[in-house]
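The values are calculated or read from the model by the stated rules, or taken from the named source; none is laboratory data. As the structure is a prediction and not an experimental result, all values here were calculated from the model. Positions of Cβ are backbone-derived with ideal geometry, glycine not excepted, and every protein chain shown enters the neighbour counts.
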Amino acid sequence: MIKVVKFGGSSLASAEQFKKVGDIIRAEDSRRFVVPSAPGKRFSDDTKVTDMLYACYDLAAKGKNFDEQFEKIKERYLEIIEGLGLDLSLDEQFNIIKACFIGKAGRDYAASRGEFLNGIVMSNYLGYEFIDAADVIFFTDSGEFDAEKTDAAMKERLDGIERAVIPGFYGSMPNDTIKTFSRGGSDITGSIVAAAVGADIYENWTDVSGFLISDPRIIKDPLPIHTITYKELRELSYMGAGVLHEDAIFPVRKAGIPINIKNTNSPMDPGTMIVESTSQKPQFTITGIAGKKGFTVVNIEKDMMNSELGFGRRVLEVFEKNGLSFEHMPSGIDTMSVIVHQSEFEPKEQEVLSGLHRNVHPDSIDIETDLALIAVVGRAMKSNRGTAGRIFSALAHAHVNVKMIDQGSSELNIIIGVSESDFEAAIKSIYEIFVIHQL
Ligand code: ADP
Ligand code: ASP
Ligand code: MG
């Protein structure tokens, strides 16, 4: 039995947390490959080491003095090393990192040092071999993750190795510079390692007892989801449920390895199993709810647009030419709406508008900002009639005005657009009707 275990930032924020992690790893012989994040927050308004590194490097890149910020980062590691009573000095590493900051080695390099250093601390603490992710995780020249090269190198490097620590979040480019995944990317590293060693399970340890039905920052103590499919999870994580990086499922999914989300602070809780498919009936009609703010809707009106061949294509062509991807495109007979990310759309707004006028000669275009999208996801929705109706009555009851609705053709999700000010109330009312009322 092989388990790959990834620990998130809050699980490694202090020596005390490290000890919990050590106990978890030592409790099972099968926990042979460990992927650590950088130290995260120790308390709610603390700063993650990754964010400290970005800020510190930004000073360095402007040629400003960054000594004070650098010392604070050092202190975070010293506190852990001393708290664990380790015989380890990171002085040499810090000297190299400082020189690289001065030499402007790049923001990705800077951020990656958080997991690099934590990997060294972890390997010293556990007595496991340290493997630099730069030697086993690769990106292409264009910055895409190079799955093939990585898998081959990782397999070769780990062959015959009993136990190792591989830091999360980064890898290297063909020119040997360091590149990171997007934020939260240590989840991806864990998944890559799990696939390469043919793990029986990928355990992802965090600070909540599994994937919760909704965001605990919106719903107080939401219930955990026992079992969720990869597809459902992807819908939820794409729509903002930040527990697991949305790309983390791909490597393990290909290899048929389940993911178990577990709580470092409550290791006996079963957590959430993420699987390819399951015969297990979900406890509720919906599996989860997630949502994101920051969308803009471009509403295009033109009489008889439905009979105009190629209308949709010409609309989307304008967005494509401006480098904008769209999230959703609900349409009526004489209307079509394109939903885009507000931050991406704003700087290109006028180009898009004039492009649309040129391309499709609409009767009118109207722009609505500050839209939030909410995804209600569940494999059981298909076989339960009236789900959409129940969502609407819950929203009406909470006086939330629904601006848009879009049901995925797989019937796995319903997307609802509401104004940002209604976001929290909308999620609460959906949780209430499908979870609280069903208990
Ligand atoms: P880690 O540092 O362990 O990678 P993250 O901060 O990336 O942890 O993810 C865990 C956090 O995700 C939780 O503390 C919680 O605040 C947040 N979160 C958002 N949506 C959900 C959800 N549906 N279920 C569980 N946690 C969620
Ligand atoms: N430390 C990185 C971040 O804060 C990566 C991770 O935690 O997964 O985004
Ligand atoms: Mg994370």
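When the test is whether a residue is on the phi > 0 side of the Ramachandran plot and within 12 Å of ligand 1 (Cβ to nearest atom), Gly256 does not pass it.
Checked against (1) surrounded by fewer than 15 Cβ atoms within 10 Å (Cβ to Cβ); (2) within 26 Å of Met268 (Cα to Cα); (3) hydrophobic (A, V, I, L, M, F, W, C); (4) more than 16 Å from ligand 1 (Cβ to nearest atom), Phe43 passes all but condition (4).
Across segment 53-68, the qualifying residues are those that are over 27 Å from the mean Cα position of the chain (by Cα) and crowded, with 18+ Cβ neighbours inside 10 Å, and the one among them that is farthest from Lys19 (Cα to Cα) is Ala60. Evaluated against (1) within 14 Å of ligand 1 (Cβ to nearest atom); (2) surrounded by fewer than 23 Cβ atoms within 10 Å (Cβ to Cβ), Glu129 falls short on exactly one condition, (1). Within segment 259-278, being within 13 Å of ligand 1 (Cβ to nearest atom) and acidic (Asp, Glu) holds for one residue alone: Asp269.
Of the residues in segment 107-119, at least one is more than 14 Å from Leu53 (Cα to Cα) and in contact (Cβ under 8 Å) with a residue 24 or more places away in the chain.
The combined condition, being surrounded by fewer than 18 Cβ atoms within 10 Å (Cβ to Cβ) and among the hydroxyl-bearing types (Ser, Thr, Tyr), is fulfilled by Ser325. Of all residues in segment 307-327, those that are of a type in the set (A, V, I, L, M) and more than 17 Å from Glu349 (Cα to Cα) total 1. The residues on offer are Leu309, Leu356, and the sole one that is more than 30 Å from Phe434 (Cα to Cα), free of Cβ contacts under 8 Å to residues at least 40 places away in the same chain and of a type outside the set (D, E, K, R) is Leu309. The set of residues in segment 154-207 that are within 10 Å of ligand 2 (Cβ to nearest atom) and hydrophobic (A, V, I, L, M, F, W, C) comprises Phe169, Phe181, Ile188.
Scanning segment 381-403 for residues that are surrounded by fewer than 16 Cβ atoms within 10 Å (Cβ to Cβ) and either touching a residue at least 24 places away in the same chain (Cβ under 8 Å) or assigned to a strand (DSSP E or B) (or both) turns up Lys382, Asn384, Ala388, Ser393, His397, His399. Counting only helices (runs of 4 or more DSSP H) wholly contained in segment 279-360, the ones carrying 2 or more residues that are modelled with pLDDT of 95 or more and touching a Lys or Arg at 6+ places or on another chain (Cβ under 7 Å) occupy 349-360. Pairs, please: C-beta under 9 Å, at least 6 apart or cross-chain, first residue farther than 21 Å from Ile436 by Cβ and within 16 Å of ligand 3 (Cβ to nearest atom) and in segment 220-249, second of a type in the set (Lys, Arg) and in a loop (DSSP other than H, G, I, E, B)? Listed pairs, sorted by first residue: His245/Arg183.
Taken across segment 254-270, residues that are more than 16 Å from ligand 3 (Cβ to nearest atom), surrounded by fewer than 23 Cβ atoms within 10 Å (Cβ to Cβ), closer than 20 Å to Arg379 by Cα and basic (Lys, Arg) do not occur at all.
When you look at Ser410, is it of a type outside the set (A, V, I, L, M, F, W, C), loosely packed, with under 13 Cβ neighbours inside 10 Å, at pLDDT below 95 and within 29 Å of the chain's Cα centre (by Cα), yes or no? So Ser410 fits the description; yes.
Filtering segment 157-184 to residues that are within 16 Å of ligand 3 (Cβ to nearest atom) and out of contact with any strand residue (DSSP E or B) (no Cβ under 8 Å at 6 or more places or on another chain) leaves Ser182, Arg183, Gly184.
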